[in-house]
Amino acid sequence: MRSILLAGIAGLVFLMSVGLETGPAAESESVKNNEGVRARIAADYIYAVIEAGRMAYSRYIVDRFNQDGTFKVTENWKAEKGLLLPAQFLKLSSSETNSKGIGMRYRLSSVWPLNTDNLPRSETEKSGLLEVLRNPDEPFTWIVQKNGLWYYQAIYPDKAVSQTCVECHNQHPASPKRDFKIGDVMGGIVIDLPLGSRFRKKPDESIALPPEVVADYVHAVLESDRTVYANHVVQHLENGELLKTSGPVKTGPQLMLPAQFLKKVSQIAARKSIGLEMNLLSLWPINPQNAPSNEFERDALEWVSIHPVRPFVRWTRAGNVRYFNAVYPDYAISTACVECHNQHPTSPRNDFKLNDVMGGLRVSFPVK
Ligand code: HEC
Ligand code: HEC
């Protein structure tokens, strides 16, 4: 949390320097080079992780356990001891991220929602949703002022990719629309990036965000997905027996571990080929594939284990492209982390204590 705050302050200073039109700050290097991540690219990264989280959950948990009937997938997952719906997964994960107070917020929204809580929250959001209905191949982005603060807002269309989306929504007693067809836009994922209040005039679309802030956002979504998965899927099913093994994901009546889920989300997001890469690493890995693969990763992991309040940050270069890299400490937040790792037969370390840094989460992307 502290690390997020620190990077947030750096971001604020950066935005102040971008926003001022006169004065020494306007002449600073970072403004001249317009260094940073364009808001649209930042939103694409965030969306890629949100989408990957929902997809990992749908594909590797819902589809799988629905087919073999091990667990029931139901809107009343709490009472019925079942698995939550993908929309509910996304919603819990967004509440988790939004509650961190890091600035960026996101949510599912629709003009025909099953849950009125998902109605657009402003006129601009409503027009944006209508706009992605008309033009579903692109996210709709704009800059808007709310309560004196400028926001970059991006709305990514949410399409009925399968017959199950259509059937459930059309038949649901609370649905205000009953003629969805496959391929229709059913709603959108709305991402809000706060820009600041000090602009004299409306900032334009080329506005950039500091890379460390973008990395914080990506990291926050990934963390939230893992938390929701750990607390509302794994723990909720109260089936400790299933969690004792660590074999491959697809065999046996076995739930994926939170670390494996996080890896899946990272892999799916990376497949989008937008440059974003994420890895869970450790100097003491249960799975040797999670060991650092170069000097930077080794340095970073050591650094976060002795300076655990902030991510380790470094620029690297490949050819003409500069990459921003941040490695966030991954703490033993519960005794479950400690016990399982200390007892695991392939764990090279068995003296972890609560709150120890057990590894790190690397977030990397190119910055032009
Ligand atoms: C088994 C039923 C079911 C299926 C299948 C389903 N949904 Fe939903 N969906 C819901 C429920 C229930 C909510 C409301 C969740 C909440 O916010 O409480 C919801 C919410 C949503 C929302 C937010 C607006 C609203 O309606 O409240 C969107 C957009 C959405 N779903 C799209 C989809 C898409 C796209 C698919 C297929 C990939 C899908 N849904 C599959 C039941 C379903
Ligand atoms: C029930 C056992 C279990 C629990 C509980 C557990 N882990 Fe793991 N963890 C694993 C396994 C198994 C892997 C290797 C996954 C893979 O195949 O990549 C792993 C991987 C990791 C890695 C990557 C490095 C490595 O060891 O391969 C980190 C970091 C990590 N876990 C941290 C945590 C944290 C933090 C918690 C608590 C929030 C936690 N783990 C809870 C079993 C567990």
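Throughout, read-outs are computed from the coordinates displayed, never taken from laboratory work. A quick note: this is a predicted structure, and the numbers were derived from the prediction, not measured. Cβ atoms come from the backbone with ideal geometry, glycine included; neighbour counts cover every protein chain shown.
Observations on the structure shown:
- The chain: calculated mean residue ellipticity at 222 nm from DSSP helix runs of at least 4, using -39500 (n - 2.57): -11000 deg cm²/dmol
- Maximal additional length on extending the Gln343-Ile274 stretch stands at 21.0 nm, based on 0.36 nm per residue less the C-alpha distance.
- Residues Val73, Val234 in ascending order of nearby Cβ atoms (within 10 Å, fewest first): Val73, Val234.
- Screening the chain for whole DSSP H helices of 15 Å or more along their axis (Cα) with average Kyte-Doolittle hydropathy at least -1.0 returns 2-19, 39-57, 86-98, 123-134, 211-228, 258-270, 295-306.
- When the chain is treated as a GNM with alpha-carbon contacts under 10 Å, the residue of Glu212, Glu51, Glu138 showing the greatest mean-square fluctuation is Glu138.
- Fully extended contour minus Cα-Cα distance, from Thr74 to Val161, at 0.36 nm per residue: 29.4 nm
- Cut-off 17 Å, label 7 Å out along Cα→Cβ of Gln235, residues of region 332-353 by amide N: 332-341
- Two-site FRET efficiency, Ser293 against Tyr331, from Cβ-Cβ distance with R₀ of 22 Å, rounded to 0.05: 0.50
- The chain: relative contact order in percent, alpha carbon pairs under 8 Å with at least 6 residues between: 18
- Here the contact order of region 36-208, divided by its residue count and restricted to Cα pairs under 8 Å and six or more residues apart, works out to 24 percent.
- Where trypsin sites (Lys or Arg not before Pro) fall in DSSP loop in region 43-111, at most 13 other Cβ within 10 Å: Lys72, Lys78
- Short to long, the 20 Å bins of the Cα pair-distance histogram for the chain hold 27, 56, 17, 0 percent of all pairs.
- Taking the alpha carbon gyration tensor of region 213-367, multiplying each eigenvalue by 5 and rooting it gives semi-axes of 27, 18, 14 Å, largest first.
- For region 77-105 and region 271-286, distance of Cα centres in Å: 23
- Rg followed by Dmax, in Å, when region 104-159 is reduced to its Cα trace: 11.2, 33
- Between Asp117 and Asp351, residue separation times 0.36 nm minus the direct Cα-Cα distance comes to 79.7 nm.
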